[in-house]
Structure formats: C-alpha cells, structure tokens
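**Q** One structure follows; several queries about it will come next.
The values are calculated or read from the model by the stated rules, or taken from the named source; none is laboratory data. Because the structure is a prediction, the values reported are computed rather than measured. Ideal geometry is used to build each Cβ from the backbone, glycine not excepted, and the neighbour counts take in all protein chains shown.
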Amino acid sequence: MDLSDLRIFQAVVREGGITRAAGRLHRVQSNVTKRVQQLEADLGVPLFLREGKKLIAAPAGRVLLDYADRILALAEEARSAVRNPAPNGLFRLGSMESTAAVRLPAPLSEFGARYPEVTLELRTGNPTDLQAALLAGEIDAALVAEPVADARFDSIIAFDEEPVIVTLQDHPPIDNPGGTPETVIVFEHGCPHRRRLEAWYEGRKEVPARTIELASYHAMLGCVLAGMGAALLPLSVLATFPETHRLKVHHLPQGEDRLRTLLIWRRGMALPNVKALSQILSEPIGT
C-alpha cells in the first residue's frame, strides 16, 4: 500500500465508481480497477459494495478512508514543509524544567510574535531523557545543559548560567569547617545541577547524609525554607521566588560556577523552526 493506492481508493469512494474516478485521476479504467483489486488483496478484506452501477465503501473501506484522508493530508503537509524554507507547522521543543520556567518565556514570546503560523509543543525533562527523545524523533530540538558528548547532535550556546547552593539565612558558609550541608534537595538522576552538586561534594571527599528528590525548583526552595536541607540550582531561578530574602546564596569557586545550556538538534537536520529559534537565542537581549 502506497500513497498512489490511497489516492485511487479515495477517488473511487468520493466519485462512487471506477469510471468517474478514472476520469478525475486521468487514468484508464482498467488501471484503476486493477489497483483497487490489488489493494483489497493486500489488506485481505473487501473495500467496496456494489449497488447497481455504483460502488460504496464497505465497513472496512470506511475505516480505511479515514486513515487515507489523514495520511494523504499529512503527506501534503510534509511536501509543503520541505518546499517551504519558512518556519511552519508543529515545533516540538524539549527543555529542562528550570530553563522552561525562567529562561524560555521571553524568547518563546518573541518566536510566537514572529512566527504565529507555528504551533509550539513544549516537553520538559532531564538532559538524558531529552537527548533520547531527540534521537527517537519525538522532538525537533532540546535545551539541555553541558556536557553533550554525542556526535549525532549539532548545537549552539543558548544560555550561560551560574549554579549556586541555597540554604537558610543562618547557615554557616559552606566552605567553613562544619558548613557542608548534610541534606541535599535535588532533581532526579540526570539533572545537570544535581551532577554539579555531587561533584562539589566529591571534590571535598564528603557524601551527603541524606538526599531528597523533588520535581520542581520552587518545591525545592520551599523545602530549603523549611530547614530540610540545601539545594543547588541556577541563580536565575531565585528571581521567580518571592521568599528569596529568607535564603542565603553560596557562590561556587571559580571553575565550578558556570553551566551553559545548549540548544541541540540532530546533526544535519536543522529544520526551519529550529533555525528560527537559534537565531532568536543568538540575538542580544532586547533586540
């Protein structure tokens, strides 16, 4: 079964018979008849019932017609998208939760203003899951933190973050003796900020006494306020939290205090939507 078979089948249903369908498709009647018979043989079910000189779709034919309409419409959309270099259609973007909450609203607002014909679909997750989704074709591009070692991706630098450790105000400096937090509040495995915090502990040859996993940065900050432990997160996240004045921000040593977020996509497959977002992310803020 190919697109040509589906177009012939669709025409026979719409026109109610072989003769009119052949005329519409500019084919000889015998060719249309043969293709319909081949399609029925391939599927193993009758697709038409005869009422006098007219053919009507059998139950299986009505089911197939629905799929044929959708498949042919999607094929035409794909053909148009390939021929049209302008951003269009559905744009499936993946992002880390912190980036989606803090960094993305402004560039996505600009993207929507410039390209209102594009439908944006956002999916959040950790970098490991987002890279897997990208390779599986489930999304078109993703915003993930370094490192991205897979040679199957192209990338640009989207954001440069400062990760910081956050505690209650009365917590001693983390580099002082006894100042290392015993309990850490983190995202699931695969989160780049969790990896950075684990590396920070490892560099001091220490292990947290307790680890609490949560699913959002604001929930993590709420637990810090409750005295449950310390968290490492992008400094930019604090701008969205109303109780920041009750927290102490501990900056990491030079060399550990930068974490870049990349926009990545399959190598050699920068679709127009991806190119358009890359351009916006590359522009100076406010342009």
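**Q** Please go through the stretch 157-175 and pick out each residue that is crowded, with 16+ Cβ neighbours inside 10 Å and closer than 25 Å to Leu271 by Cβ.
**A** Correct list: Ala158, Phe159.
**Q** To continue, here is another question. Filter the stretch 96-115 down to the residues that are among the aliphatic types (A, V, I, L, M), surrounded by fewer than 19 Cβ atoms within 10 Å (Cβ to Cβ) and within 22 Å of Ala133 (Cα to Cα), then identify the one that is modelled with the lowest pLDDT.
**A** Ala101
**Q** Now for a separate question. Note down all Cβ pairs under 6 Å where the first residue falls in the stretch 120-147 and is free of Cβ contacts under 8 Å to residues at least 40 places away in the same chain, the second is outside any strand (DSSP E or B) and not aliphatic (A, V, I, L, M), and they're at least six residues apart or on different chains.
**A** Thr124/Glu97
**Q** Step by step: first the residues of the stretch 64-95, then only those that are assigned to a loop (DSSP other than H, G, I, E, B) and surrounded by 13 or more Cβ atoms within 10 Å (Cβ to Cβ), then the one that is modelled with the lowest pLDDT. Which residue is that?
**A** In this case the residue turns out to be Asn88.
**Q** Based on what the data block shows, is Leu49 surrounded by fewer than 14 Cβ atoms within 10 Å (Cβ to Cβ), closer than 30 Å to Leu271 by Cα and not assigned by TED's automatic domain parsing to the domain that holds Leu271?
**A** Values: surrounded by fewer than 14 Cβ atoms within 10 Å (Cβ to Cβ): yes; closer than 30 Å to Leu271 by Cα: no; not assigned by TED's automatic domain parsing to the domain that holds Leu271: yes.
Spelling it out, it is not the case that Leu49 is surrounded by fewer than 14 Cβ atoms within 10 Å (Cβ to Cβ), closer than 30 Å to Leu271 by Cα and not assigned by TED's automatic domain parsing to the domain that holds Leu271.
**Q** Sticking with this structure for a sec: Give the residue that is nearest to Trp200 (Cα to Cα), with candidates limited to residues of the stretch 256-267 that are within 18 Å of the chain's Cα centre (by Cα) and not basic (Lys, Arg).
**A** Only one residue fits best here, namely Thr261.
**Q** Here is a further query. Could you grab me the full set of residues in the stretch 198-217 that are within 26 Å of the chain's Cα centre (by Cα) and surrounded by 15 or more Cβ atoms within 10 Å (Cβ to Cβ)?
**A** Leu214, Tyr217
**Q** Filter the stretch 226-246 for residues that are farther than 24 Å from Val207 by Cβ, buried (at least 17 other Cβ atoms within 10 Å of the Cβ) and among the aliphatic types (A, V, I, L, M) and give the result.
**A** Val237, Leu238, listed by residue number.
**Q** Within the stretch 225-268, can you find the residues that are in contact with a strand residue (DSSP E or B) (Cβ under 6 Å, 6 or more places away or on another chain) and assigned to a helix (DSSP H, G or I)?
**A** Residue satisfying the conditions is Leu235 alone.
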